[in-house]
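Written out below as structure tokens is the structure these notes cover.
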Amino acid sequence: MGRVIAVANQKGGVGKTTTAINLASSIAAAELDTLLVDCDPQSNATSGLGLVKNPDRISTYHLLMGEATAHEAVHKTELERLWIIPAHKNMIGANLELIDGERREFRLRDALAPLRERFRYIVLDCPPALDLLTLNALVAADSILIPMQAEYFALEGVSELLDTIERIRASLNPELSIEGVVLTMFDDRTNLAQQVTAELNRYFGDKLCQATIPRNVRLAEAPSHGKPALLYDGRSRGAESYIQLAKEIIAHSMPVQEMPTPAEPPVAGEEKQVVNAPRWKRWIKERNKLTTINILDR
Ligand code: ATP
Ligand code: MG
């Protein structure tokens, strides 16, 4: 059964889409079938993976409206193990159109249910609002990943998000857990970042991800080339940091015996080392063909 992770924070511009694209592609690079679902009318995850605007394409809107099945809505991406259900700006209307709809909070959950068998991970990119679209994502999800900037006001607004999570747990989705809080656009050289991190550590404890995402220009450039960072510049600090985050998240939910088998057999007589994702690979595009590079030792 696949795990559904919603990347959400009602605050705008905190790195939700960058996290959704690069987390999903880093998991796919570990050879686990992954689906990214763009739940935001801005459609940034859709264009960030190189899908050109096309109003006729089946999108998350059609799923929410019950006009298409999830299988029909899944599109291929450049990365072999990554698929996407794109968004379209007409989803702004979905908030209103669904208001009197039957099971309006469960539309996405019901639509994605048949895909849980096919994908190991389903990552949902949410809009910057606690609206019906985000609510649908949080009802469909097993867990929420919260990207956050290490700013002085970081915790403001998070309490509202945590209240929302509590309310959803109490009524619509009792199983919703917190996958983690990930610091984005992080610069650990500043005193402020360190102070805020210490504060967030006290507040979230082990829910604060070990991996932090640095401010890195490659992460900002990659979407304009329609690529995840690991295809645009796989050696950049930004791409590396999302690989670390993906390792951490896979380790949360995957029992050790189910993890991909090691690329090389252990040397006879040596004790086998248990690592988070032993057969981690990075896909690099090379003269139109995809080759894999083992990045286990990174
Ligand atoms: P919205 O709330 O509008 O959906 P968002 O939370 O999805 O925004 P992003 O779109 O991921 O945020 O990021 C906002 C801007 O910051 C984008 O221009 C993105 O390229 C840039 N950005 C995000 N993360 C990083 C990073 N680690 N380093 C540099 N730039 C970044
Ligand atoms: Mg976004």
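The values are calculated or read from the model by the stated rules, or taken from the named source; none is laboratory data. Since we're looking at a predicted model, the values are computed, not measured. Please note: Cβ atoms are built from the backbone with ideal geometry, for glycine as well, and neighbour counts cover all protein chains shown.
Working only within segment 89-135, note down all residues that are within 18 Å of SER47 (Cβ to Cβ) and either at pLDDT below 95 or surrounded by fewer than 21 Cβ atoms within 10 Å (Cβ to Cβ) (or both).
Residues satisfying the conditions are LYS89, ASN90, MET91, ILE92, PRO128.
Being out of contact with any strand residue (DSSP E or B) (no Cβ under 6 Å at 6 or more places or on another chain), in contact (Cβ under 8 Å) with a residue 24 or more places away in the chain and under 22 Å from TYR61 (Cβ atoms) is a property that ARG109 has.
May I ask you to verify whether ILE27 is crowded, with 24+ Cβ neighbours inside 10 Å and of a type in the set (A, V, I, L, M)? It is true that ILE27 is crowded, with 24+ Cβ neighbours inside 10 Å and of a type in the set (A, V, I, L, M). Got at least one residue in segment 20-28 being closer than 21 Å to ARG120 by Cβ and near ligand 2 (Cβ under 10 Å from one of its atoms)? There is at least one residue in segment 20-28 that is closer than 21 Å to ARG120 by Cβ and near ligand 2 (Cβ under 10 Å from one of its atoms). When restricted to residues that are touching a Phe, Trp or Tyr at 6+ places or on another chain (Cβ under 7 Å) and closer than 22 Å to GLU105 by Cβ, segment 58-79 contains 0.
Inclusion of LEU51 among residues that are among the hydrophobic types (A, V, I, L, M, F, W, C) and touching a helix residue (DSSP H, G or I) at 6+ places or on another chain (Cβ under 7 Å) is not warranted.
Residue-by-condition table, conditions (1) in contact (Cβ under 8 Å) with a residue 12 or more places away in the chain; (2) surrounded by fewer than 23 Cβ atoms within 10 Å (Cβ to Cβ); (3) within 16 Å of ligand 1 (Cβ to nearest atom):
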residue	(1), (2), (3)
LYS11	yes, yes, yes
ASN22	yes, no, yes
LEU32	yes, yes, no
LEU35	yes, no, no
PRO41	yes, yes, yes
HIS62	no, yes, no
GLY66	yes, yes, no
LYS76	no, yes, no
ALA87	yes, no, yes
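Tally the residues that are in a helix (DSSP H, G or I) and in contact with a helix residue (DSSP H, G or I) (Cβ under 6 Å, 6 or more places away or on another chain), restricting the search to segment 101-113.
Looking only at that region, the number is 5.
Mind listing just one residue for me: the one in segment 30-55 that is more than 18 Å from LEU135 (Cα to Cα) and either among the small types (Gly, Ala, Ser) or within 11 Å of ligand 2 (Cβ to nearest atom) (or both) and, of those, modelled with the lowest pLDDT? Filtering segment 30-55 for residues that are more than 18 Å from LEU135 (Cα to Cα) and either among the small types (Gly, Ala, Ser) or within 11 Å of ligand 2 (Cβ to nearest atom) (or both), the one modelled with the lowest pLDDT comes out as ALA30. Scanning segment 136-159 for residues that are within 24 Å of ASN201 (Cβ to Cβ) and either within 16 Å of ligand 2 (Cβ to nearest atom) or buried (at least 24 other Cβ atoms within 10 Å of the Cβ) (or both) turns up ILE144, LEU145, ILE146, PRO147, MET148, GLN149, GLY157.
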